Amino acid sequence: MKKFLITACATATALSAVRADDVALVTFQIGSDKKNPKQAAIEFYDGDAPQTVENFKKLARKKFYNGMAVHRVFPDILMQMGDPLSKRHERSKVGTGGPGYTLQPEIHRKHIKGAVAAGRLPDKINPGRLSNGSQFLICLQPMPSYDGQYTVFGHIIWGYEGLNQISEQPVDTNDNPIQRVEIKSIKIMPREKLPQPPVPGPPPPPPKKRWYQFF
């Protein structure tokens with residue numbers, strides 16, 4: 001009987017831990033539009049990238065990411081963020097910053113749609129494929145060419161509509177959105193406290209044809 005109770009308690013504890021795993025809720029603001037924030041939820045691959053996940057959670061809890069900008073986007077393909085230099089409005093060095101340290105690679109997962117991966121410098125100057133300590137990218141479609149190259153440490157649960165909208169912003173010559181897209185917060189919370197995904201809005205009206213498109 002005693003053995004049964006110990007086993008039952010251990011099982012209950014394990015199940016509780018599974019239900020209470022942490023996720024992240026990321027809130028973005030496009031330009032000066034405070035009324036329509038964009039949000040996305042991220043789940044973590046603690047088993048495959050424990051060091052990278054713990055580092056991300058630590059920085060998020062310290063509000064390290066708050067006020068940074070999304071500094072690189074490709075429409076409906078990829079977006080990158082997490083550079084502390086992006087808190088300034090000087091764009092020339094954005095994309096080169098970090099927290100002052102790198103992370104050992106934990107390269108196991110594939111870059112499927114929704115993959116969240118740590119950024120890093122190219123192989124030529126970073127043959128060990130060390131990850132940047134804070135920069136990360138989000139794949140908005142499968143990117144098999146990145147497989148085996150970057151540490152994938154999480155996955156998007158919901159929020160693709162807003163992320164795609166961010167990725168479609170007009171950019172400068174460095175693929176940096178011209179209109180600032182700011183990370184307002186990244187909150188770490190138990191999965192059961194994650195809010196429901198926002199209800200998708202109506203599709204935008206089709207663009208009006210110019211006079212020359214009728215011929």
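Mean separation of Cα pairs under 8 Å and 6 or more residues apart, divided by the residue count, gives the stretch 21-194 a relative contact order of 36 percent. A cut-off of 5 Å between modelled amide H atoms, ignoring neighbours fewer than 5 places along the same chain, links Gly114 with Cys139, Leu140, Gln141. Overall size of the stretch 21-194 from C-alpha positions, given as principal axis extents largest first: 42, 38, 30 Å.
The magnitude of the dipole of the stretch 21-194, with charges of +1 and -1 set on the Cβ of Lys/Arg and Asp/Glu and taken from the Cα centre, is near 600 debye. Measuring between alpha carbons in the structure, the pairs from Lys58/Lys87; Lys35/Lys58; Lys87/Lys193 lying more than 27 angstrom apart are Lys35/Lys58; Lys87/Lys193.
Coupling constants for the stretch 33-43 follow from the phi torsions by the Karplus curve (6.51 cos²θ - 1.76 cosθ + 1.60, θ = phi - 60°), and in residue order they are 7, 7, 8, 10, x, 9, 10, 9, 10, 10, 9 Hz; glycine and proline get x. Positive end of the dipole of the stretch 124-184, charges at C-beta (+1 Lys, Arg; -1 Asp, Glu), about the Cα centre: which of Asn126, Gln149, Leu163 has its Cα farthest in that direction? The residue sitting most towards the positive pole is Asn126.
Just so you know, all these numbers are worked out from the coordinates, no wet-lab data involved. Keep in mind it's a predicted model, so treat the numbers as computed, not measured. Counting neighbours? That spans all protein chains shown, and the Cβs are built from the backbone with ideal geometry, glycine included.
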